[in-house]
1. Carbon and sulfur atoms: what percent of the 1.4 Å accessible area of the stretch 370-462 do they account for?
2. Quick check: residue separation of LEU232 and VAL283 times 0.36 nm, minus the Cα distance between them. What number comes out in nm?
3. Averaged per residue, what accessible area in Å² does the stretch 300-423 show with a 1.4 Å probe, protein chains only?
4. Could you name the aspartates and glutamates whose alpha carbon sits less than 13 Å from that of LYS239, not counting residues in the same chain fewer than 8 places away?
5. Between 0 and 90 degrees, rounded to the nearest ten: what's the tilt of helix 116-128 against the longest Cα principal axis of the chain?
6. Report the one residue of TYR263, PHE134, LEU18 whose Cα lies farthest in the direction of the positive end of the charge dipole of the chain (charges on C-beta: Lys and Arg +1, Asp and Glu -1; origin at the Cα centre).
7. For helix 70-83, report the angle its Cα long axis makes with the longest principal axis of the Cα atoms of the chain; keep it between 0 and 90° and round to the nearest 10°.
8. Evaluate the distance, in nm, between pseudo-label points positioned 7 Å from the Cα of TRP266 and of ASN382 along their respective Cα→Cβ axes.
Amino acid sequence: MSSRNKRLVLGAVFLYVLASFCFLDKYPPFYADEVYYVEPAVNFLSEGHFRNNLFKYIPGYEVTNAIAGRLFSTVDAMLFKLLGVNIISIRLQSFLLALLTLVLFYQILNLLFSEPALAFFSSALLACSHPFIFASHFGRPDMTVCFYVVLSLYLYLLAEKNETHFLYFLSGLAASLAIDIHIPGNIAVYILAGTVLGDQLPQRPIRWKTFFWIALGGVLGIFWWLFMHVILNWDVFFKQWNVFVGSQFPPVYNPWVLIKNEYPRWQGFFWMGAYHRNLLLLVLFMLGFCYAGSRWKERPFKVLCCAAFSSMLGLILSNPSKSQWYIICVFPVWMMMGTTFLYFFWKSPSSYKKGVSLSLSFALILLLALENAHRFKFRDSNYARYMAQVKTFIPPGSVVLASETYWLGLRGYANLLGMWVLVMKQNFEACGIALEPYRGNTEDFLKRTNVGYIIADRELIEFPSTHEVFQDFITRHCVLAGEVRDPFYGSSRFLARKSPEDLVTKIYRVSH
């Protein structure tokens, strides 16, 4: 690459990083899911314990969250120590690791194909894709898991190139440590195991030392998880695990349910952001998988096929919660498949294949341009301004029932009783799980907790499992104290897009 081209690439990278960072606290709007993973790190920083105040009515959470990722929470705690607890610091781990993921993504394609143009083209499309940008701006651990997935693949391919046992060991360690980041991170083990088996077993003689060193790293990472999560918190871990598994309905380990429920996960994923237009990615992924399969005998394509197939197996078998968020962990693998298909079709001497590649590439670039342009609609998103308006109707020190989205704005000002506490109450009752703190009906529970105010945004009012409970309680026991209108805050339905009209948040005063 000439020095001029290097400067152009570095300039493009700088502009990308700058544009993404400028929207880090604006897009998507701050959301409750981020709080669940942030609070243990905040409590660890102040008290030395990874506990969850928000889940204090569920056994053991008042002591520690034995399931939350220790590595993820520790990095967050370090960022909070340096920068304080704010939206930027909450999302910074995801943002920085997304940048490193792009670097490793580039290196993987270079190791497989020795085609810098392909590696750059693929990395640019990944960087500008809505799911990747969304996850890199979100305080959940999904992007961190994604980084460990890509890191383990990169270390394995680098070990193959250099024939270094220590790198094999590190690849296995990286994959298994993803479980500590977030339990659904077990998908990294599936992807690495599937890739290694597909790559190594056809070789003769079989190199058993390769398997040994990778397995050794994997065992060490799993032991780390067992020690930090289970052994140190034996009773608490199993209390929380049993409650978590027991509250899943229908049974999470029914094989038919696992397979059948995979469809809604992908439907939700492809509808995020650009809605049905995102189905273009599905077309790209399927064509990429078929193309790689047609060139199975060539090692680079075999590696991609094995990684993609094992990623699907991991999602179905070991991620019973069919949340769409977990797809980001495998998204880079499928982007490699799709962009590789486009690149080699373009290099083909066939004018037909060139036409297919050009048409799909143009459609994909147009889609990404529209999605990135849409992000600029969030330039006026302002969580602090919204919370300042909400707090004008709530006296300091009040007990407030609301979505966990309000945790950051009410922190140090009022006492939050999170919406998920009541959601879990409904789930437990449906599954026949009796917990003493939840005895009686919802009205009795709210009276015992001395709730003084309710922030009734659409997130709280429209949630399926608690809709009737909240509506009935508000009608019989609450007086409207005020309302706030905002186009960005008030409902998770509009995380990836601006609401067509202002969302109305009503603040009620409870009169028991």
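The values are calculated or read from the model by the stated rules, or taken from the named source; none is laboratory data. Since the model is a prediction, treat every value here as computed from it, not as a measurement. Every residue, glycine among them, receives a Cβ derived from its backbone with ideal geometry; neighbour counts consider all protein chains shown. What goes into the accessible areas is simple: the full protein's heavy atoms, side chains included, and nothing from ligands, DNA or RNA. Shrake-Rupley method; radii C 1.70, N 1.55, O 1.52, S 1.80 Å.
1. In the stretch 370-462, the share of accessible area belonging to carbon and sulfur is 52 percent.
2. So the chain would gain 13.7 nm between LEU232 and VAL283.
3. Heavy-atom SASA per residue in the stretch 300-423 reads 38 Å².
4. GLU62
5. The angle comes out near 10 degrees.
6. LEU18
7. 70
8. Between TRP266 and ASN382, the simple spin-label model gives 4.3 nm.
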